[in-house]
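Working notes, beginning with the structure itself.
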Amino acid sequence: TRDLLPDIFRPFNLLPPEDLSILGAPLFPGHALDTCLEARCAELERATKRFPNISSHDALVILKNTMGSCKLLYTLRSSPCSDNPILDKFDLLLRQALSLITNSDLSDFAWSQASLPVANGGLGIRSVVLLAPSAFLASAAATFIVQQSLLGIGATKDPFIGKVFDIWSHRHPLALIPLDSGVQRSWDAASITKTFNSLLDEAGGPEHQARLRAVSSPHAGDWLNALPITSCGLRLDDRAVSIAVGLRLGLDLCAPHVCPCGVLVDSKGTHGLSCKRSFGRSTRHNILNDLVHRTLIRALVPSVREP
């Protein structure tokens with residue numbers, strides 16, 4: 001109580017533990033942590049309402065790199081929030097924002113794939129529910145020596161580390177503790193592997209399994225990491241973004257119809273990628289040939305295009 005404090009501390013405000021924060025990071029579950037997470041949800045919800053005012057490509061880049069899990073990463077690494085229900089709300093807002101940007105209805109299957117890293121076939125819009133335990137455990141391991149120098153034996157008695165580790169172990173019962181425990185990617189690998197394998201098991205056909213393996217191959221998602229610079233020809237129009245994301249996630253892109261070549265086209269719209277009467281493929285093929293040819297000429301390498 002205030003009466004037991006030395007006189008020098010009596011002017012200070014007394015706060016309950018659940019209201020304590022240091023450098024913007026809530027220390028314990030409770031009011032301060034809930035307020036922090038709700039503020040991030042409000043920011044994402046406000047941004048989502050403004051996404052229709054910009055191009056889909058710009059909105060996708062902003063959502064992936066500035067308004068998604070990276071916005072919460074400091075809190076995830078610093079505060080024990082792995083079981084906080086507000087993280088589910090944040091994930092739901094992310095899913096709604098992605099649906100708005102791509103003008104598509106994301107199923108649970110598609111959202112699970114979208115939440116994977118780009119290198120693993122996703123869109124890089126990470127689920128904070130799955131990311132939270134990995135972020136906190138990696139931060140705790142990386143700073144353990146500093147904690148021990150400050151707290152002594154108290155650093156080994158942090159109950160939140162054990163609680164978060166139990167959550168991680170329950171989600172990945174067969175996973176081993178990573179050797180490089182101070183690196184978040186090492187803890188996160190178990191969640192990524194489990195999600196990708198479950199997607200393969202639930203794919204529902206060899207064509208979907210082939211799609212998952214194709215989009216997770218090297219460089220298949222490089223377009224998601226490219227900045228939308230118009231002068232460099234890197235900005236996609238809204239329709240192109242919708243189709244590119246739809247093909248990557250296996251979404252419905254069109255109504256079933258008969259192609260002029262006589263083949264029945266399903267709702268996935270993938271027939272256009274292999275149709276013999278598709279004019280777009282030949283045009284893009286010629287453009288790539290011209291680009292390679294001009295590059296060789298500029299490098300003073302003699303070259304002639306084949307007829």
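The values are calculated or read from the model by the stated rules, or taken from the named source; none is laboratory data. The shown structure was predicted, so the numbers you read here are calculated from the model rather than taken from an experiment. Here Cβ is always computed from backbone atoms with ideal geometry, including for glycine, and neighbour counts include all displayed protein chains. The accessibility values were calculated without ligands, DNA or RNA, using every heavy atom of the protein model including side chains. Shrake-Rupley method; radii C 1.70, N 1.55, O 1.52, S 1.80 Å.
The distance linking segment 169-208 with segment 1-69 is 29 Å (Cα centroid to Cα centroid, whole angstrom).
For a distance above 22 Å, tell me the whole-number percent of Cα pairs in segment 106-198 that qualify. Numbers along the way, then the final one.
Values: 1440 of 4278 pairs.
Value for segment 106-198: 34 percent of Cα pairs lie more than 22 Å apart.
At the listed q of 0.13, 0.19, 0.21 Å⁻¹, the Debye profile of segment 200-248, built from one uniform point per Cα, gives log10 I(q)/I(0) equal to -0.40, -0.72, -0.81.
For the peptides 84-92, 233-241, what is the packing order when you average, over each peptide's residues, the other Cβ atoms within 10 Å and list the highest mean first? Display every interim value, and only then the final one.
Details: 84-92: 17.4, 233-241: 13.8.
Final packing ranking: 84-92, 233-241.
Expressed as a whole percent, the accessible area of the chain that falls on carbon and sulfur atoms is 61 (1.4 Å probe).
If you add up the charges near residue 160, with Lys and Arg at +1 and Asp and Glu at -1, over every other residue whose beta carbon is less than 14 angstrom from its beta carbon, what do you get?
On the way: positive: 77, 157, 163; negative: 18, 83, 158, 166.
Once all neighbours under 14 Å are counted, the net charge is -1.
Based on the alpha-carbon gyration tensor of segment 38-183, what equivalent-ellipsoid semi-axes (square roots of 5 times the eigenvalues) come out, in whole Å, largest first?
Equivalent ellipsoid of segment 38-183: 32, 16, 13 Å, largest first.
A dipole drawn for segment 1-154 from +1 and -1 charges on Cβ atoms has a positive end, and of 14, 54, 122 the residue lying farthest that way is 54.
How big is the C-alpha Rg of the chain next to the rule-of-thumb value 2.2 N^0.38 Å, as a ratio?
Working: Rg = 24.7 Å, N = 307, 2.2 N^0.38 = 19.4 Å.
Dividing the Cα Rg of the chain by 2.2 N^0.38 Å gives 1.28.
Starting from the Kirkwood Rh over alpha-carbon pairs, what translational D in µm² s⁻¹ does segment 261-306 have by Stokes-Einstein at 4 °C and 1.567 mPa s? It diffuses with D of about 100 µm²/s by this estimate.
Once you compute Rg and the Kirkwood Rh from C-alpha atoms, what is the Rg to Rh ratio for segment 5-112? Please list the in-between numbers first.
Values: Rg = 17.8 Å, Rh = 15.7 Å.
Rg/Rh for segment 5-112 comes to 1.13.
Among 195, 295, 143, the order of accessible area from largest down is 295, 143, 195, computed with a 1.4 Å probe on protein heavy atoms. If only the Cβ of Lys and Arg carry +1 and only the Cβ of Asp and Glu carry -1, the dipole of segment 66-130 around its Cα centre is close to 240 debye.
Close amide-amide hydrogen proximity is noted between residue 265 and 257, 258, 259, each under 5 Å apart and 5 or more residues distant or on a separate chain (H modeled in the peptide plane; Pro and chain starts excluded).
Would you mind working out the accessible area per residue for the chain, using a 1.4 Å probe, and quoting it in Å²?
On the way: 18270 Å² over 307 residues.
For the chain, the per-residue accessible area is 60 Å².
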